[in-house]
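The values are calculated or read from the model by the stated rules, or taken from the named source; none is laboratory data. Here the structure is a predicted model, which means the values were calculated and not measured. Cβ atoms come from the backbone with ideal geometry, glycine included; neighbour counts cover every protein chain shown. Just so you know, the surface numbers come from the protein's heavy atoms only, side chains and all, with ligands and any DNA or RNA stripped out. Shrake-Rupley method; radii C 1.70, N 1.55, O 1.52, S 1.80 Å.
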Amino acid sequence: QVQLVESGGGLVQPGGSLRLSCAASGSIFSINTMGWYRQGPGKQRELVAGITKGGNTNYAPDVLGRFTISRDNALNTVSLQMNSLNPEDTAVYYCNADVRRRFATGFNAYWGQGTQVTVSS
């Protein structure tokens, strides 16, 4: 099995910062793309940022310049540094990873349980 465990969510004032982290563990042979998604109240889940194994990144337009995604391939971790947060960033944030398990032939998507980020004064 593969588990993704997120940490770092919480309550922050507008203009503040938070750092989310996600660690993948279990029967892992290789991880391709890792990323962060979010789902705000009454909204669909959307991609926030993604990063390939080689370090190429992509961001949703409304977080570009404010959020930074990074990963440690040796530790199977991915992080999201979030700066200049505003109330529209309030959502449950989910970690995602494309994982090839040991003895498997393909990649499958795995999700973390989600961590709440609330931006409010």
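For a Förster distance of 30 Å, can you work out the FRET efficiency between the beta-carbons of Asn108 and Gln44, rounded to the nearest 0.05?
Details: r = 22 Å, r/R0 = 0.72.
Approximately 0.90, to the nearest 0.05.
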- Query: Hey, got the dipole for the chain? About the Cα centre, +1 on K and R Cβ, -1 on D and E Cβ, debye to the nearest 20?
  - Reply: 340
- Task: Using a 1.4 Å probe over the heavy atoms of the protein chains, calculate the carbon and sulfur portion of the accessible area of the chain as a whole percent.
- Result: 49
- Note on the structure: Expected field for Ile51, accessible surface area in Å² at 1.4 Å probe radius, rounded to 10, holds 10
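Grab the beta carbon distance between Ala60 and Gln13, set R0 = 22 Å, and tell me the FRET efficiency rounded to 0.05.
On the way: r = 22 Å, r/R0 = 1.00.
Given R0 = 22 Å and the Cβ-Cβ separation, E is 0.50.
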- Part-to-part distance (alpha-carbon centres) for region 60-79 and region 24-56, which is given in Å: 9
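Using the heavy atoms of the protein chains alone and a 1.4 angstrom probe, what is the accessible area of the chain per residue in square angstrom?
Values: 6340 Å² over 121 residues.
With the other protein chains kept in place, the chain gives 52 Å² per residue.
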